[in-house]
Amino acid sequence: MNPKLTRRRFIKGVIASGAAATTTTMWYAANGQDRPTGFVERLIRINVNGQERSVDVAPQETLASTLRYKLGLTGTKLGCNRGECGACTVLVDDTPTYACSVLTHSMKFARIETVEGLEAPNGDLHAVQQGFIDQLSPQCGYCTPGQVMSAVGLLRANPNPTREEARQAMAGNICRCGSYDSYLDGVMRAAEIG
Amino acid sequence: MAYMHIGKDFVPPDVAGKVTGRIKYSEDYTREGMVYARLLTSPIPHAKVVSIDASEALAMEGVFGILTADDVYPDGEANSTGLKILTNEPTLVGEPILAVAAVDEKTAETAIAAITVTFERLPFVMDPVDSLEEGGPDAYNGGNTFVFREGFAQEKWTSDQVASFRAGNEPTAEPAAELSYGDLEAGFANSAFVYETPFTTAGYPHMSMEPRSAMAYWEDGKLYLHGTSQSLTALADGMAGIVGVPKEDLVFINAATGGGFGQRARAGSIPSMAIPAKLSQKINRPVMMRCTREEEFTIGGARQGFQGWIKLGFKQDGTMAAADLWIVSDNGGKGGGGDAFSATNAISIVYQAEAVRFRGVSIGSNTAHRGAQRGPGENQIAAIVSPILDKAAEELGIDRLEIRKLNTPQTGDVGGINRQPFTSAYMPEALEQAATAFNWEERITRSRQRNGSKVTGIGIGQGYHNAGRSGMDGIIMMGPDGRLRVHNGVGNLGTYSYASTSRAAAEVLKMPWDRCDVITGRTDNHLPITSPQDGSNSIFTNTRTCFGAAQDMLAKMKEIAAADLGGDPADYDVSNERVHQIADDTVGMTFGEVAQRAMELGGKYTGEAELPEELAEWTQISVSRLAGSGFMGVYHDPRHSNNPPGFTVTCTEIELDTETGKIEILDMVSIAECGTVVHPQGLKNQLVGGGVWGIGMSVLERHLYDPQNGLPASTGYWQSKIPTYLDTPLKIDTGWVDLPDPENPVGARGVGEPSMGSVSAALNAAVSDALDGHVFNATPVTTDMIVNHIAGISEEWVPLAQNNFRG
Ligand code: FES
Ligand code: FES
């Protein structure tokens, strides 16, 4: 133990504000709550689940924030908000993408799909959703929308993957419940019924 | 026994919401006029708040108010290690000091940046053994340990005692707790093989996928709290006390929870939900508090780490004659736990040791909040003991499966320091079934085979947790539509036990599942009290209550039918949603008709009279609100005796790369012994999910702290090394024994935790096997440890190295 640290010392509040800022400033800037002065284009159109949506977007706002907090699409989850877990996975032009780690402004010409857009107009579930139900893939369900979107992305690119290919394709989605085996069962089932 | 529902798969009512994203977690809600709270948290590991100047912040546009520890604890903070809502005496980095509510989070953050907090910095400690040493820093204000019902105390060893323990010797200091049975000395004297070693196990965070966000508002004097929890009514019951609101005025809304693993079972481990509740009350607006991953890490809890010493003695025939443990548990900056005692108890239970002694002390460190994490104690020790058992087998010339068989617990045995009988125990069957499924005899011939730089390791491990409680309540309702409504207070944390336990009621009344509704998700649905959903207990505990409530309704149905249609209640039975005479099933009433009659009759039939006397206060409130609204079955479950165990056995084959230290799990089979199986898919999920946790414990997960400043360096998934798809086997095979337990009406016991213990035990045994029986005596066994060992650099036990520091 460093003896200097064991002595009583009084530290002024700079520490408090510094610590509060380190972990969270970026997060809340990303939530689109900044109000920058000067000219910045804010009202943009993005294509979400086949619909053109007009939305007021801050320059540094992430797609996950726009979807959840501006468009009410709360199926897209935030587990880490820093590209570690995959809970926020959506499809951007068919490619599974961490919505917490892309800026909405970069999505202007992209086709975005979220878990809310998968059901057929008659209410039929997507094969991945049905496969996940058949195999009871989810446990707590918090990672599930991200797992669903990664699996949809995989099956579009490779409709009949091997289990190993599925595992590799899904590897960007953490499941703290450890339901990996059941998700892979679900993906294989989806490929079967797809 | 042939069941209609028990042992059959079904589609739990919430699973569609999970795959469509429609089910709502606390952060998914909004409310008109909702504002946002942000936290100012402690930047230093141990301090006292001297003053807070928030004047500038409160004058900012868009800022609505501040909440401090003085607001929530006007009479001062409780003198305990318990996590506080907010604190003026932080004992870990990241502990919430105050909260600010503002129009949006950015404004709240800006306001927080303008608040001046003056801290008095206090000495801090990262390693409990540093604190044990005379003159060493204490993690808490008033000592380095907490004595139940007494308060803070100091445990101090001489420098020589500390040095001797660090050198790997049996501690010579007085333990804070000592419990034992049997003649330990004779046990070791009679042993043909004695193994003695220091050991460490890592503490590491729960890291539930959903950060613990919460939203609250008050309406008509009632608090509506959208939160996250493992338990529904048990947590709400405790949360009412933490917020300081009468139970009848709290509506806790929690349809789904993004993971718990022990840390969201009880209100005391998640008091942060009271922050939006209290702020909302103060500023009279709905308040949302979104939590970040870092916040989930710092206040979200962690497993206790161990630094210990263990000595095991085996007789010539392989029976475990004696087990002696001395454990220093890391109590963290807040919280705590009884992991060390549970660990010792588990050795007594799983290996039926003839004499056992536990000695230990629980010492604070200014690291993460500690609390129960999946198999707290039982699972840490499973991974430590399994390789030692294999060493004994090797020395004594016994097969590794055989040594487990001859020490196995079984029905009629007792286990634990308190020598408690099992309700039933089919571990021999589980061992047999696992060995068959794994093809043990053939596999074991591959042990230690080399293929280039790769070596094959074979491992077997056992897991245990006490898996059942009693004394809770059940409520079911039926209206003239004849549908069965099972009011279930079990939390929805991903086990689906809120639904599967409800099926015990459907079973009694022989109701088709599509004619049943599980009423749950929010407490104003009038739910009975349950035991918290920890300790693998839900299946046992709540099939008892649901079954009992349905038995009550069944008896009432028969009474009504006999009164209306003649004969004696005993002349009646139910089938096809009718209550009818056994002799002539045309004489009867439909369930809808009998429910209608019950409502006309009122009184005990509708919950307005003759209620079970022992109903918990929470249940009484729910029953009083339901009374008169429908036909009611209500039940208070008496206490059972003896220990309902949950057991698992895992076998695994790995390939260890001697050049990189990397482990590839080639095959893994886990078998559950949890009485009658209620829900096969749910059980399979617990087996594979627990298995992934076991892999994390064995070879991956840990805390990282900067010892100089006490800052956590593993606040994310990546640094914590949560297992991913690629760390886990391509397929985990599962199975179950499926024999009934006599203390449960459908024969069931729980099993969520043991599956982790058996996998970590099997995996560490397999690693040991691949390294010619080398015992690391530590978890996790990381690739660098393996490579160093192969290079001849011994580092199997570096004090606390695996616990808080090493990468
Ligand atoms: S929330 Fe986007 S990767 Fe975790
Ligand atoms: S199902 Fe809980 S995190 Fe994946």
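The values are calculated or read from the model by the stated rules, or taken from the named source; none is laboratory data. If you're wondering where the values come from, they're calculated on a predicted model, not measured in any experiment. We place every Cβ from the backbone using ideal geometry, glycine too, and count neighbours over all the protein chains shown. With ligands, DNA and RNA removed, areas are computed over all heavy atoms of the protein, side chains included. Shrake-Rupley method; radii C 1.70, N 1.55, O 1.52, S 1.80 Å.
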Using C-alpha positions alone, give me the convex hull volume of the range A:40-115 per residue in cubic angstrom.
74 Å³
Given axes a ≥ b ≥ c from the Cα gyration tensor, I'd like to know whether the range B:158-297 is rounded (a/c under 1.5), prolate (a/b larger than b/c) or oblate.
prolate
At a Cα cut-off below 18 Å, give the lysines reachable from B:Lys391, other chains included and same-chain residues fewer than 8 away excluded.
B:Lys311, B:Lys315, B:Lys405
In the range B:248-270, accessible area falls by at least 30 Å² from chain alone to full assembly (1.4 Å probe) for B:Phe261
When a/c reaches 1.5 or more, the comparison of a/b and b/c decides; with that in mind, is the range B:709-756 rounded, prolate or oblate per its Cα gyration tensor?
oblate
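What translational diffusion coefficient, in µm²/s and rounded to a whole number, does the Stokes-Einstein relation yield for the range A:127-193 at 25 °C and a viscosity of 0.890 mPa s, taking the hydrodynamic radius as the Kirkwood radius over Cα pairs?
219 µm²/s
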If you keep only loop residues by DSSP, which trypsin sites (Lys or Arg not before Pro) in the range B:117-205 have at most 11 other Cβ atoms within 10 Å of their Cβ?
B:Arg149
With an 8 Å cut-off on Cα pairs and a minimum separation of 6 or more residues, tell me the relative contact order of chain B in percent.
16 percent
Once all protein chains are kept in place, B:Thr319 shows an accessible area at probe 1.4 Å, nearest 10 Å², of 30 Å²
Please compute the Kirkwood hydrodynamic radius of the range B:652-807 from all pairs of different C-alpha atoms, in Å with one decimal.
17.0 Å
For chain B, what is Rg from Cα atoms divided by 2.2 N^0.38 Å, rounded to two decimals?
0.98
Take the cross-link list B:Lys84/B:Lys721; B:Lys8/B:Lys510; B:Lys247/B:Lys604 and give me the ones stretching past 18 Å between alpha-carbons.
B:Lys84/B:Lys721; B:Lys247/B:Lys604
Relative contact order (%) - the range A:127-193, alpha-carbon pairs under 8 angstrom, separation at least six
59 percent
Using 20 Å bins from zero, what percent of all Cα-Cα pairs in the protein assembly as shown falls into each bin?
14, 44, 35, 7, 0
Which value, in Å to one decimal place, does the Kirkwood hydrodynamic radius take for the range B:476-621 when every pair of different Cα atoms is included?
15.8 Å
Mean residue ellipticity at 222 nm from the helices of chain B, using -39,500 (n - 2.57) per DSSP H segment of n ≥ 4 over the full residue count, to the nearest 500 deg cm²/dmol?
-8000 deg cm²/dmol
Pairs over 19 Å Cα to Cα, from B:Lys222/B:Lys282; A:Lys77/B:Lys278; A:Lys70/B:Lys106; A:Lys70/B:Lys18, come to A:Lys77/B:Lys278; A:Lys70/B:Lys18
Quick check for you: with a 1.4 Å probe and neighbouring chains kept, what is the accessible area per residue of the protein assembly as shown, in Å²?
32 Å²
Counting DSSP beta bridges with both ends in chain B, the antiparallel % (nearest 5):
75 percent
Which value results when the Cα radius of gyration for the range B:32-122 is divided by 2.2 N^0.38 Å?
1.08
Calculate the translational D of the range B:1-79 in whole µm² s⁻¹ from Stokes-Einstein, where the hydrodynamic radius comes from the Kirkwood formula applied to all Cα pairs, the temperature is 25 °C and the viscosity 0.890 mPa s.
132 µm²/s
Starting from the Cα of A:Lys108, draw a straight line to each of the aspartates and glutamates and keep only those under 18 Å, dropping any in the same chain fewer than 8 residues away.
A:Glu41, A:Glu52, A:Asp56, A:Glu61, A:Asp93, A:Asp94
Report the GluC sites (Glu not before Pro) located in the range B:1-71 that are in a DSSP loop and have at most 11 other Cβ atoms inside 10 Å of their Cβ, or state none.
B:Glu32, B:Glu61
Would you please name the trypsin sites (Lys or Arg not before Pro) within the range B:1-55 that are DSSP coil residues with at most 16 other C-beta atoms within 10 Å of their C-beta?
B:Lys8, B:Arg22
Base-10 log of normalised Debye intensity for the range A:81-156 (one unit scatterer per alpha-carbon) at q = 0.16, 0.19 Å⁻¹
-0.58, -0.80
Report relative contact order for the range A:51-139 in percent, whole number only (criteria: Cα-Cα under 8 Å, sequence separation at least 6).
25 percent
